Amino acid sequence: MKKTIVILGAGGHGRVVRDIALSVGYENVFFLDDSDRFDVGIKGKTKDYINYISNSDFFVAIGNNIVRERIMRMIVSDGGEMATLVHPSVVVGGNVSIGKGTVVVAGAVINNGAKIGEGVIINTCSSVDHDDIVGDYCHISVGTHLAGTVCVGQRSFICAGATISNNISVCEDCIIGAGAVVVKDITEKGTYLGVPARKVND
Ligand SMILES: CC(C)(COP(=O)(O)OP(=O)(O)OC[C@H]1O[C@@H](n2cnc3c(N)ncnc32)[C@H](O)[C@@H]1OP(=O)(O)O)[C@@H](O)C(=O)NCCC(=O)NCCS
């Protein structure tokens with residue numbers, strides 16, 4: 001771990017990520033963002049990451065799963081080192097793996113045997129239970145619960161307060177709406193809402 005971390009994305013999620021980076025020991029935290037609407041001391045645009053490759057770690061704090069994947073891949077292909085950020089309050093069980101470029105926000109619980117991919121957001125007070133697999137670039141939003149032995153495919157967005165029942169798989173590129181409860185495997189990408197969750201569009 002280097003002393004400096006460059007965070008790409010200076011919005012609300014970026015500020016949450018900055019707090020976590022400071023709490024785990026980074027001494028210097030810089031933001032890069034293509035927008036100038038955030039008043040957090042932005043040091044440059046996205047493309048300027050290249051100037052920090054050798055002396056900083058990186059984190060992409062962008063909520064959109066597709067954009068986050070694209071920017072992470074670009075930085076990694078140029079030799080950038082992605083941080084893994086886990087807030088000190090998070091409960092992490094045994095035999096858990098958490099990939100590079102993933103953030104686990106305050107109050108989350110990740111139980112025994114869970115495998116979390118790269119570039120994932122495990123957001124505030126969510127739970128990922130035993131033996132779950134969360135694919136790369138997913139967002140497990142605030143207050144979401146994945147019961148045991150759940151599998152979530154790459155880039156899927158599990159919205160706030162949703163629940164995935166035990167032994168259920170959700171395929172890649174799905175949106176599970178806020179408050180939805182998934183009780184059957186989802187094998188086609190699309191948006192699913194309600195209790196029980198039903199497909200509403202592609
Ligand atoms: C699933 C979601 C992304 C869909 O967004 P969208 O495509 O813009 O959908 P809209 O807001 O246009 O709503 C379309 C319809 O679905 C309904 N709807 C939207 N979200 C719903 C939900 N979670 N559950 C049930 N119905 C929902 C709306 O009431 C609307 O119904 P209507 O056509 O009868 O008026 C969004 O509704 C959602 O759940 N967002 C939560 C985001 C979130 O959790 N962010 C957390 C970041 S930590």
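In table form, for the structure just shown:
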read-out	value
Note, ³J(HN,Hα) from phi for the range 177-184, Karplus 6.51, -1.76, 1.60, rounded to Hz, x at Gly and Pro	x, 4, x, 6, 10, 9, 10, 10
For the chain, built as a Gaussian network whose Cα springs stay under 10 Å, the top-fluctuating residue of Gly41, Gly119, Gly63	Gly41
Full-extension gain in nm, Thr149 to Lys43, via 0.36 nm per residue minus C-alpha separation	33.9 nm
Ellipticity estimate at 222 nm from DSSP helix runs (n ≥ 4, -39,500 (n - 2.57)) divided over the chain, nearest 500	-4000 deg cm²/dmol
Computed lengthening from Met1 to Asn167, 0.36 nm per intervening residue step minus Cα-Cα distance	56.2 nm
About the Cα centre, charge dipole magnitude for the chain (Lys/Arg +1, Asp/Glu -1 at Cβ), debye	180 debye
Phi-based couplings in Hz for the range 16-27 (Karplus 6.51, -1.76, 1.60; Gly and Pro marked x)	4, 5, 4, 4, 5, 4, 5, 5, 9, x, 5, 8
Relative contact order, percent, the chain [alpha-carbon distance under 8 Å, six or more residues apart]	11 percent
Residue range of the chain that is longest and free of trypsin sites (Lys or Arg not before Pro) which are both DSSP loop and sparsely packed (at most 14 other C-beta within 10 Å)	46-183
Dipole-positive endmost among Ile122, Leu22, Asn167 within the chain (Cβ charges, Cα centre)	Leu22
The range 59-107: relative contact order as a whole-number percent, Cα under 8 Å and 6+ apart	36 percent
Amide hydrogen neighbours beyond the local backbone of Glu81, cut-off 5 Å, H modeled	Phe58
All lysines inside 27 Å of Lys100 as judged from Cα atoms, apart from same-chain residues fewer than 8 positions distant	Lys2, Lys3, Lys43, Lys45, Lys47, Lys115, Lys189
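Read the figures in this text as sums done on the coordinates, not as results from a lab. Everything numeric here is computed off the predicted structure, so don't read it as measured data. With ideal geometry, Cβ positions are generated from the backbone for all residues, glycine too; neighbour counts draw on all protein chains shown.
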